[in-house]
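These notes concern the structure reproduced below.
The values are calculated or read from the model by the stated rules, or taken from the named source; none is laboratory data. Treat the numbers as computed from the prediction; the structure is a model and nothing was measured. Here the Cβ is made from the backbone with ideal geometry for all residues, glycine too, and neighbour counts use every protein chain on show.
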Amino acid sequence: RVILPYEKRIDFATNLVARQLFNIMATKKTNLCLSADLTMTTGILDLLEKVGEHICMVKTHIDIIDDFRDDFVVRLKQLADRFNFLILEDRKYADIGHTVSLQYSKGLYKIGEWADCVTVHSLPGEGILKALNGSMNCITKGVFLLAEMSSEGNLITQQYKQETVSMASKYANIITGFVCQNKDTFQNPGLIQLTPGVQLECSKDDFGQIYKTPEKVVVENGADVIVVGRGITAAKNPEVQAVAYKDALWKCYIKRISGKL
Ligand code: UP6
């Protein structure tokens, strides 16, 4: 999986969002996913105006926005179309299937109407995927299932991780990939490894987040799409920093597929 270029993995992918994402990465030559964890809509939209051309996907936490209005998602979608990136709502669903299907399609945010894909915990069991499979238009939507986390002391075990991956295999049409940290998590080249916890220098935050470098996550650990939040959003010049991340991450990907591991 890790040494095949993105464009050669498209045909292995069952989920259409995975196919789209491989295609966008290969075309735009970027595997950077911006985690736009800002709390005002103008902040997010202005940032995306500047960095949209450098990213393959934006990751949102819609429930941290202070001034949410329906027209925000309209404008977000316009930017996604203009710059050709996907939208991942990092909702990390973790309830019983019935509740999750409501959380996905109803309420203030109606996530299912605008997000290309969402993140989901396997903790509640496969009912969560069965429910999303029923509520999603699987032709255009996808799920990143959490198989590992970046945070210190998280309770995920090796067995949990393996069972998460086998649970996903039953719902191949909706599974875009896994949120995980290591290349041995799964083998299927049609699935995408989404890896958060990345900054140009190794460090931590005050609440257990552990950062690894682009070299470590892409070359050694097999990350396909790399999530960067504060590394970009907290920079003096986020646009310049987004380009720096894009270039560093792409260089690491090229190194990896060239086989010189
Ligand atoms: N995220 C992680 N680790 C995980 C899963 N998700 O950090 O294992 C998410 C966080 C945040 C982003 O919810 O939105 O990725 C990382 O942001 P940062 O780069 O600012 O730390």
- By residue number, the members of the stretch 104-136 that are in contact with a helix residue (DSSP H, G or I) (Cβ under 8 Å, 6 or more places away or on another chain), within 16 Å of the ligand (Cβ to nearest atom) and not in a loop (DSSP other than H, G, I, E, B) are ILE111, CYS117, VAL118, VAL120, HIS121
- Go through the stretch 76-103 and give me each residue that's more than 16 Å from the ligand (Cβ to nearest atom) and either surrounded by fewer than 16 Cβ atoms within 10 Å (Cβ to Cβ) or at positive phi (or both). LYS77, GLN78, ASP81, ARG82, ASN84, ILE96, HIS98, THR99, LEU102
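Residue-wise test of (1) polar (S, T, N, Q); (2) closer than 27 Å to GLY134 by Cβ; (3) in contact with a Gly (Cβ under 9 Å, 6 or more places away or on another chain); (4) modelled with pLDDT under 95.
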site	(1), (2), (3), (4)
LEU38	no, no, no, no
PHE68	no, yes, no, no
ARG82	no, no, yes, no
SER101	yes, yes, yes, no
LEU108	no, yes, no, no
- Message: Name the single residue that is farthest from the ligand (Cβ to nearest atom) among those in the stretch 18-68 being of a type in the set (Ser, Thr, Tyr) and not in a loop (DSSP other than H, G, I, E, B).
- Response: THR27
- What is the number of the single condition among (1) buried (at least 22 other Cβ atoms within 10 Å of the Cβ); (2) hydrophobic (A, V, I, L, M, F, W, C); (3) touching a Pro at 6+ places or on another chain (Cβ under 7 Å) that LEU47 does not meet? (1)
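The rows are residues; the columns are (1) touching a residue at least 12 places away in the same chain (Cβ under 8 Å); (2) under 20 Å from THR60 (Cβ atoms).
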| residue | (1), (2) |
| --- | --- |
| GLU89 | yes, yes |
| HIS98 | yes, no |
| LYS106 | no, yes |
| LEU123 | yes, no |
| GLY127 | yes, no |
| ILE139 | yes, no |
| VAL143 | yes, yes |
| LEU146 | yes, yes |
- Is one or more of the residues making up the stretch 210-223 farther than 15 Å from LEU249 by Cα and either out of contact with any Asp or Glu (no Cβ under 7 Å at 6 or more places or on another chain) or outside any helix (DSSP H, G or I) (or both)? yes
- Task: Would you mind finding the one in GLY127, GLY190 that is small (Gly, Ala, Ser), closer than 30 Å to PRO214 by Cα and modelled with pLDDT of 95 or more?
- Result: GLY190
- Message: Within the stretch 207-222, does at least one residue satisfy the condition of being within 13 Å of the ligand (Cβ to nearest atom), on the phi > 0 side of the Ramachandran plot and touching a strand residue (DSSP E or B) at 6+ places or on another chain (Cβ under 8 Å)?
- Response: yes
- Note on the structure: Within the stretch 223-237, of all residues that are among the hydrophobic types (A, V, I, L, M, F, W, C) and surrounded by fewer than 19 Cβ atoms within 10 Å (Cβ to Cβ), the one nearest to the ligand (Cβ to nearest atom) is ALA234
- What residue, among those in the stretch 193-202 that are surrounded by fewer than 24 Cβ atoms within 10 Å (Cβ to Cβ) and modelled with pLDDT of 95 or more, is farthest from the ligand (Cβ to nearest atom)? LEU200
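I'd like the residue in the stretch 138-196 that is outside any loop (DSSP other than H, G, I, E, B) and acidic (Asp, Glu) and, out of all such residues, is nearest to the chain's Cα centre (by Cα). I'd like the intermediate steps shown before the answer.
At the first step, the residues of the stretch 138-196 found to be outside any loop (DSSP other than H, G, I, E, B) are 142-146, 151, 158-169, 175-179, 183-185, 192-195.
Next cut, acidic (Asp, Glu) only: 163, 184.
Values: GLU163: 20, ASP184: 18 Å.
Within the stretch 138-196, the match that is nearest to the chain's Cα centre (by Cα) is ASP184.
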- Filter result for the condition that a residue is among the acidic types (Asp, Glu) and closer than 16 Å to LEU146 by Cα, over ASP95, ASP71: ASP95
- Within the stretch 55-79, track down each residue that is closer than 23 Å to ILE24 by Cα and over 15 Å from the mean Cα position of the chain (by Cα). VAL73, VAL74, ARG75, LEU76, LYS77, GLN78, LEU79
